[in-house]
Amino acid sequence: MTEKKILILGVGNILYGDEGLGVHALRLLEEQYSFPKNVALVDGGVMGKLLMAELMDHDFVIILDAVLGGETPGTLYRLEDEALRKSLGFRDSQHQVDLVDTLISCEMLGKRPKAVVMGMEPLQYTQISDHLSELCASALPGLVRHALAELEAAGIRDVVRKKNILALPGTNLPAEGGEFFETLLERGEKVSLQRIVSRGHRSGQDFWYEQDEDEWALVLEGEAGIGCADGREIFLSKGDSLFLPAKLRHRVLYTSDPCVWLTLHGHFGKFIS
């Protein structure tokens with residue numbers, strides 16, 4: 001039996017902020033995942049009918065795009081069949097007249113693939129900017145998960161996640177002084193493994209962490225200082241780790257820019273060196 005050929009197509013103009021969020025989502029997929037041979041990823045930009053050959057070579061197309069559905073910016077959409085024409089009609093994204101004409105042309109030539117749009121409501125898309133809005137950048141991983149779920153529903157279950165644990169988070173990179181949190185692994189609510197990227201971060205005045213679970217933290221890159229409520233100050237550099245028991249009041253004194261952490265949260269009882 002011939003495998004169904006699937007195309008993940010990111011479209012949009014990356015020079016107009018959130019209009020290019022489909023292309024940014026595609027790049028995130030390329031960076032973080034490895035796909036089987038029957039799944040192709042293509043940056044379609046605003047090429048329109050130039051995509052005809054690519055579309056006709058596939059059976060199913062997942063289109064990542066900005067969609068004007070009237071909901072709150074960052075809202076995710078799934079549109080297919082008549083909804084493409086009625087709710088989106090490819091009229092409600094920024095380049096869809098070309099796309100709908102392209103699909104019609106494919107049909108006239110005898111090979112129109114099934115298509116579904118996985119989209120997001122944009123915030124800023126009318127002014128020139130080569131960056132996503134902060135809101136849409138933070139929501140982009142949700143769109144990626146949305147697309148992966150669609151792929152799994154289509155029968156593709158052997159997608160492999162790949163990751164350079166030291167790489168900075170690209171479009172999700174926080175502003176100076178901020179932090180980026182990413183859950184890498186979790187088991188229910190009991191255990192979670194996180195990566196944190198800190199950019200010259202320090203806890204606010206009079207702020208203390210007092211977590212319900214134990215935390216083991218490892219500095220992968222950079223350096224940081226941790227202060228405890230009993231007056232202790234712990235200074236960490238690359239390769240250093242520490243174990244923070246549950247309910248130990250502590251705060252971040254400072255971090256380098258950047259500082260990359262790996263943290264493990266759970267109920268471990270004690271730390272064994």
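Things to note:
- Val144 part of a helix (DSSP H, G or I), under 23 Å from Asp18 (Cα atoms) and modelled with pLDDT under 85: no
- Hey, Asp18 free of Cβ contacts under 8 Å to residues at least 60 places away in the same chain, of a type outside the set (Ser, Thr, Tyr) and either in the same structural domain as Cys106 (by TED's automatic domain parsing) or in a loop (DSSP other than H, G, I, E, B) (or both) or not: no
- Single match in Gly200, Gly225 (criterion: in contact (Cβ under 8 Å) with a residue 12 or more places away in the chain, in a loop (DSSP other than H, G, I, E, B), in contact with a Phe, Trp or Tyr (Cβ under 9 Å, 6 or more places away or on another chain) and surrounded by fewer than 17 Cβ atoms within 10 Å (Cβ to Cβ)): Gly200
- Close pairs from the stretch 206-221: first closer than 18 Å to Ala167 by Cα and surrounded by 15 or more Cβ atoms within 10 Å (Cβ to Cβ), partner modelled with pLDDT under 90 and not β-branched (Val, Ile, Thr), Cβ under 7 Å, at least 6 apart: Leu220/Leu166; Glu221/Leu166
- Check on Ile156, under 27 Å from Ala25 (Cα atoms), among the β-branched types (Val, Ile, Thr), out of contact with any helix residue (DSSP H, G or I) (no Cβ under 8 Å at 6 or more places or on another chain) and not assigned by TED's automatic domain parsing to the domain that holds Leu248: yes
- Summed over the stretch 229-273, the residues that are touching a residue at least 12 places away in the same chain (Cβ under 8 Å) and not in a loop (DSSP other than H, G, I, E, B) give a count of 22.
- Restricting Glu176, Glu182 to those that are in a loop (DSSP other than H, G, I, E, B), under 30 Å from Asp130 (Cβ atoms) and either within 24 Å of the chain's Cα centre (by Cα) or small (Gly, Ala, Ser) (or both) reduces the list to Glu176.
The values are calculated or read from the model by the stated rules, or taken from the named source; none is laboratory data. Since we're looking at a predicted model, the values are computed, not measured. Quick reminder, even Gly has a Cβ in these numbers, built from the backbone with ideal geometry, and neighbours come from all protein chains shown.
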